[in-house]
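Comments concern the structure below.
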Amino acid sequence: MRGTLTLCAALVPHLMRAAPRTPLACAALLTLATGALPLLLEVRLGPQEAASALRWAAVVCAVPLAFALDDPAAGTTATLPFPRTLRRLLRLALVLVPLAVLWTGCGLLLGHALGPAAGPGLVAGLSPEAGALPAVTVLSAAFGLRLGGGERGSPPALPCAVLLVPALALSPVGARAFAVPDGASWAASRWLWTLALVVTAGAAGALLGERGPRRAPGAG
C-alpha cells in the first residue's frame, strides 16, 4: 500500500502537466454557467428543464474525459518502472474528480432554482446517467488506445461523448431513457442507467488493464 502511494505521489505532478487543461477549463466555464444562469436571471425552472440542463452539463463534462488517456509518449514510457494501468487510472482520476465536483455543483445550483431543498435530490436522481456517459466515453477511449498503439484514445471517444446523448434522445427509447423526474418511467430508467454504468465501467476497466507481460528496461 505504501509503495503504491509513493508511486502515485511521484507520478501525479507529471500527469497533471499532461492533463487536458484547455478542455477542462472550457467544461468548467460552461458547467458553472449552466448552473448559475437561472439563479442570476431569477428564472424559475421546472423539473424537466432542470434535468435537461443537468444532462447538458454531463455531456460538457464528458468531453475532457475523451482526451484524458491520450499519451503521445506511450511508446517511450512503456518501459518505465510504473505500471501502465496505474498511470492510466491516475490520468482519469485527475480529470474525473474535478469534473464530478463541477457537475455536482451545477446540479445543486439548478436544484436551488427548483426549490431550496431540491438540489440533492436532482443530483442523486441523475447521477446514474451522469456516470454512464463518462464510463462509455472512457470505454471508447480504451478501444482507441488498443487500436492506436496506446497513444490516442480521443478519436473514437470524442464523438461518443458529444453524440451519444443526442442520439439516444432522438431514438425511440429517448422518452423512457431521459424520463421526467418523478414521472411514470423515472424509477425504471434509473435502474437501466445504473446497469449501463456498471457494465460499461467494468468493460472499460478490463480494457485499460495491462495487455501481456511488461518488458523490463533493456530487454531485447
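Solvent-accessible surface of protein heavy atoms, probed at 1.4 angstrom with all chains present, puts Thr22, Thr85 in the order Thr22, Thr85, largest first.
Full extension of the chain between Thr194 and Glu49 gives 50.0 nm of extra length, using 0.36 nm per residue less the Cα-Cα distance.
Using Cα pairs closer than 8 Å and at least 6 residues apart in sequence, work out the relative contact order for the range 31-162, in percent. The value is 38 percent. Could you report the accessible area of Phe143 in Å², rounded to 10, computed with a 1.4 Å probe on the protein chains as they sit in the structure? For Phe143, the solvent-accessible surface is approximately 110 Å². Karplus-based coupling profile of the range 56-61, in residue order and whole Hz: 4, 4, 5, 5, 4, 6, with θ = phi - 60° in 6.51 cos²θ - 1.76 cosθ + 1.60 and x standing for Gly or Pro. For the range 20-25, 3J(HN,Hα) computed residue by residue from phi via the Karplus equation (6.51, -1.76, 1.60; θ = phi - 60°) reads x, 5, 5, x, 5, 5 Hz, glycine and proline entered as x.
The values are calculated or read from the model by the stated rules, or taken from the named source; none is laboratory data. What you see is a predicted model; the values in this text were computed from it and never measured. Only protein heavy atoms, including side chains, enter the accessible area calculation; ligands, DNA and RNA are left aside. Shrake-Rupley method; radii C 1.70, N 1.55, O 1.52, S 1.80 Å.
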